[in-house]
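One structure below.
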Amino acid sequence: KRDIPVKILREIMEWIVVVVVSIAIYLLISTYLIAPFTVKGHSMDYTFADNDKVFVNKLSKNYERGDEVVFHANETDDYIKRIIGVPGDTIEYRNDVLYVNGQKVEEPYLAQKIKEANASGTAPFTPDFNIEFLSSTKSKTVPEGTYFVLGDNRQHSTDSRVFGFVKKEAMIGKVSLRYYPFSSFKFF
């Protein structure tokens, strides 16, 4: 009769160990490897929609032009944006065309939005600017250890044009996977 309570106690202890180990593994993975992130707002339309759920790769620290990244915008908010300029780059927009270091850069992810802006009479989709003359940046080039980021929905995005350069230390990581909605599942 004493064997039954010991068996039950042993099984309860095994379950407690499994739960504790699972929580520890989850915390280690989300702290050091990958982190879930929910997109808030429409600043990255049509690449990401409001409430899309993505995984952010926290291991990758080599950020490149074109990467979709999540970073600490301030003490309470994390933003998702696209890197447009890396350290040393000059950035300029003229007539809905991006120029990096004086060279035209194609942005196929904006094609539909630019088409809609032209059709609705709200063109240009991205107002002309040069980072040297923006009040938020006032620098001829992107400074060392920082990045210039923009939302893909340029007319409705709070980005480096407003808050300036993003420091490398503020970067959480690159978006590596959209897992929800399931119909939009995609690796980046």
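The values are calculated or read from the model by the stated rules, or taken from the named source; none is laboratory data. Note that the structure is a prediction, hence the values are computed from the model and not measured. Glycine also receives a Cβ, built like all others from the backbone with ideal geometry; neighbour counts cover every protein chain displayed. To get the accessible areas, we keep the full protein, side chains included, count just its heavy atoms, and leave off ligands, DNA and RNA. Shrake-Rupley method; radii C 1.70, N 1.55, O 1.52, S 1.80 Å.
The table for this structure:
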read-out	value
Any hit, region 94-115, residues being touching a strand residue (DSSP E or B) at 6+ places or on another chain (Cβ under 8 Å), open to solvent by less than 40 Å² (accessible area, probe 1.4 Å) and among the acidic types (D, E)	yes
Test for V142: is it surrounded by 13 or more Cβ atoms within 10 Å (Cβ to Cβ) and over 15 Å from the mean Cα position of the chain (by Cα)	yes
Contacts under 8 angstrom Cβ, first residue in region 27-38 being without any contact (Cβ under 8 Å) to a residue 40 or more places away in the chain, partner of a type in the set (A, V, I, L, M, F, W, C) and surrounded by fewer than 12 Cβ atoms within 10 Å (Cβ to Cβ), 6 or more apart	Y32/L59; L33/L59
Matching residues in region 67-93 - criterion: being outside any loop (DSSP other than H, G, I, E, B), out of contact with any Ser or Thr (no Cβ under 9 Å at 6 or more places or on another chain) and open to solvent by 20 Å² or more (accessible area, probe 1.4 Å)	H72, D78, E92
K186 without any contact (Cβ under 8 Å) to a residue 60 or more places away in the chain, over 20 Å from K53 (Cα atoms) and among the basic types (K, R)	no
Verdict on R161 being within 17 Å of the chain's Cα centre (by Cα) and free of Cβ contacts under 8 Å to residues at least 60 places away in the same chain	yes
Number of the exception - K140 against (1) at pLDDT 95 or above; (2) within 18 Å of S43 (Cα to Cα); (3) in contact with an Asp or Glu (Cβ under 8 Å, 6 or more places away or on another chain)	(2)
